4 protein chains.
Amino acid sequence: MIFYSALNEILENVKETNNKVDEKTLSQLTTMIREVDHVFVMGMGRSGLVAKAFAMRLMHLGLGVYVVGETITPAITDKDCLIAISGSGETSYIISTTETAKERGAKIVAITSYTDSPLAKKSDLVVQLKGRTKKESENNFIGRQMSGEHTTFSPLGTLFEITALIFLDSTIAQLMSDLEVTEDVLRDNHTVLE
Amino acid sequence: MIFYSALNEILENVKETNNKVDEKTLSQLTTMIREVDHVFVMGMGRSGLVAKAFAMRLMHLGLGVYVVGETITPAITDKDCLIAISGSGETSYIISTTETAKERGAKIVAITSYTDSPLAKKSDLVVQLKGRTKKESENNFIGRQMSGEHTTFSPLGTLFEITALIFLDSTIAQLMSDLEVTEDVLRDNHTVLE
Amino acid sequence: MIFYSALNEILENVKETNNKVDEKTLSQLTTMIREVDHVFVMGMGRSGLVAKAFAMRLMHLGLGVYVVGETITPAITDKDCLIAISGSGETSYIISTTETAKERGAKIVAITSYTDSPLAKKSDLVVQLKGRTKKESENNFIGRQMSGEHTTFSPLGTLFEITALIFLDSTIAQLMSDLEVTEDVLRDNHTVLE
Amino acid sequence: MIFYSALNEILENVKETNNKVDEKTLSQLTTMIREVDHVFVMGMGRSGLVAKAFAMRLMHLGLGVYVVGETITPAITDKDCLIAISGSGETSYIISTTETAKERGAKIVAITSYTDSPLAKKSDLVVQLKGRTKKESENNFIGRQMSGEHTTFSPLGTLFEITALIFLDSTIAQLMSDLEVTEDVLRDNHTVLE
């Protein structure tokens, strides 16, 4: 069944990509997250859901965090950072929001597949997570599959989004260790009102 | 046109209901909001949107506030209060959330049409805002209209929801005055990332 | 108490503004809503909450509706319309979204205070709802109040947002009448899963 | 670094768990999704984000889908199904929503770690996805790590949530193949308004 092929493709990409992230980048990221007053996260579509999943864990860790677009998100300041998640690094709303945050003195982190994208170029720190090459994504999914070519079983940004989620959850584990936060603390901070 | 009749009906209800709220209740509400660490707000459906509109202004005032169900909402504590907005005061999810908040020592405020509802009975402070009587809402909208009976032009919880929004925005004006917060402060806290 | 002054100011604005909306505009709006395949609604901040409150009632009426930014919102087509709610008519994200929708052939409706705003200029139909004049909003709220000048008790976009909500709920009453939809139908469509 | 250990732990769990899902269950799931009028999805916290990520792809496939709790979600009917995602299968709001959907004749699918949970028992189809055992999650994360015991690097529901997301994205690949939907179709349905 296609199910298992898709599963393997996803796992291969996540493994290969995340193992390529170097310790220096990781260390810069966790240091920035610990030093700022508040981490602001943002993403559009499914990347936005990944951003929220990360924000929830940062809150569980007891860190100050806001999601761009949610009700109580205040103005960003020069003591904050913005983590923007965008596979292409080209989403216009992400770019304009990043510019606003930068003008106000906030640090910018890009989580993206492209180090030469507009988003990456405006960022203080870039975490490159490979998704699919543009070429691949322009081809026809089933067409190639039927003709026996190598193809992808992960439409649109699927590979990037899952890779980003697992990258960020592994970063949470690193932060728990660095901050010596136990799981009990996370449980205590976990919302009880739902 | 029905449009203008509906408009008048809405305005009449808002005016009559909000002018009935006594100064003591208002004063207890604004005092509680100022004294707690964080205000948690909640509501389902359109009442939930009213809750969010209020939360946004509390944030603009510089007060600590969370919306139940949003990404970064932490566990509630005995230094917080929960403001629950429910016309009927009977929504089961609201009731169970209120119980959890109460068990954890949080103060409860009900914004509701019914002082004898399950929600009101569990609350430390009740703000009664009349919407429609149950009897009215059980009748057929257009049926009564066509038969010439007095009827409502505001289906379901419309009257309660609008009345609650205007009640809460008037409370914001009161808080601005009490806290001596200028509009400039609100503008500074207003999110810039959207 | 400031509470009652704020209440009166809000009610005066809603009444005056909504009574100025002419029948022709209303008729064009309700006709467009009835003729399109899907109504897309959007707004930022509290205007976005107003957009959602309207969308919920359109769904209750049995009409096809989507909220820009929610999970299941598909691509807009030339058989749809976009209703954009923005007091200033200048929000950049609203403008760029409107342009995209227009390029795809969708009809645009602006709900705004300014008929000469970028949003209004790109729209097929403009509903003008007065909020505050720019001049007023540039002044200091408490400062003027203390100095005895006439002032506003409704910070930022409050007057516009409430006026827009009541305009749209009155439009719902008009649609119920035009479509001969009874309140029972709304109740049947009302979500039961919350 | 802990980062890489966490990464491996996550990947191991996803691989082992998803490969255990049998073809019959997969086939029942994809058949049900194709046959119903609308798929309703729900989850709380991070499981809710996974539900939304899945809903977005179902929409891209051209299927009818709603997210419980979003603005335009209508009443569920006996021609729909509800897919509830809950690691523990015990979340009270999920259980009560499931009961409501069941009473209205909708089919229920549980995505959960526990086949004997209240959620699973009320479901027509159960997809079991192992997360962590309860015993493990009761222990102290860093305490065990420091004392040299085998431990987890994935706090709270992390393993379940990621496993569920990848399970559902692999199911999307299966549906694309079954429905002979090309990636171009997904791209055409992809929202353009953000």
Within region D:58-72, the residues that are away from chain A (no Cβ under 12 Å) and of a type in the set (Val, Ile, Thr) are D:VAL65, D:VAL68, D:THR71, D:ILE72
Within region A:71-81, residues buried (at least 21 other Cβ atoms within 10 Å of the Cβ) and hydroxyl-bearing (Ser, Thr, Tyr) come out as A:THR71, A:THR73
With (1) open to solvent by less than 30 Å² (accessible area, probe 1.4 Å); (2) touching a Leu at 6+ places or on another chain (Cβ under 9 Å); (3) facing another protein chain (nearest Cβ under 7 Å) as the list, and C:THR30 as the residue in question, which single condition is left unmet?
(3)
Residues in region D:98-130 that are within 14 Å of chain C (Cβ to nearest Cβ) and of a type in the set (A, V, I, L, M): how many?
3
Of (1) touching a Leu at 6+ places or on another chain (Cβ under 8 Å); (2) without any contact (Cβ under 8 Å) to a residue 12 or more places away in the chain; (3) not hydroxyl-bearing (Ser, Thr, Tyr), B:LEU186 fails just (2)
Residue satisfying all of: in region C:49-70; open to solvent by less than 10 Å² (accessible area, probe 1.4 Å) and of a type outside the set (A, V, I, L, M, F, W, C); nearest to the chain's Cα centre (by Cα) among these
C:ARG57
Name the helices (runs of 4 or more DSSP H) wholly inside region B:109-185 in which the number of residues that are over 24 Å from C:LEU165 (Cβ atoms) and modelled with pLDDT of 75 or more is 1 or more.
B:118-121, B:158-179
Condition broken by A:SER92, with the remaining ones in (1) buried (at least 23 other Cβ atoms within 10 Å of the Cβ); (2) hydroxyl-bearing (Ser, Thr, Tyr); (3) at pLDDT below 95 satisfied:
(1)
Considering each of D:GLU9, D:GLU35, D:GLU23 in turn, give the residue that is out of contact with any Pro (no Cβ under 8 Å at 6 or more places or on another chain), open to solvent by 10 Å² or more (accessible area, probe 1.4 Å) and at pLDDT below 95.
D:GLU9
For B:GLY105, indicate whether it is surrounded by fewer than 24 Cβ atoms within 10 Å (Cβ to Cβ), small (Gly, Ala, Ser) and more than 12 Å from A:LEU193 (Cα to Cα).
yes
Scanning region C:42-57 residue by residue, those more than 7 Å from chain B (Cβ to nearest Cβ) and not hydroxyl-bearing (Ser, Thr, Tyr) turn out to be C:MET42, C:GLY43, C:GLY48, C:VAL50, C:ALA51, C:PHE54, C:ALA55, C:ARG57
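The values are calculated or read from the model by the stated rules, or taken from the named source; none is laboratory data. This one's a predicted model, so the numbers in the text were calculated from it and none came from an experiment. Ideal geometry is used to build each Cβ from the backbone, glycine not excepted, and the neighbour counts take in all protein chains shown. Ligands, DNA and RNA are excluded from the accessible area calculation, which covers all protein heavy atoms including side chains. Shrake-Rupley method; radii C 1.70, N 1.55, O 1.52, S 1.80 Å.
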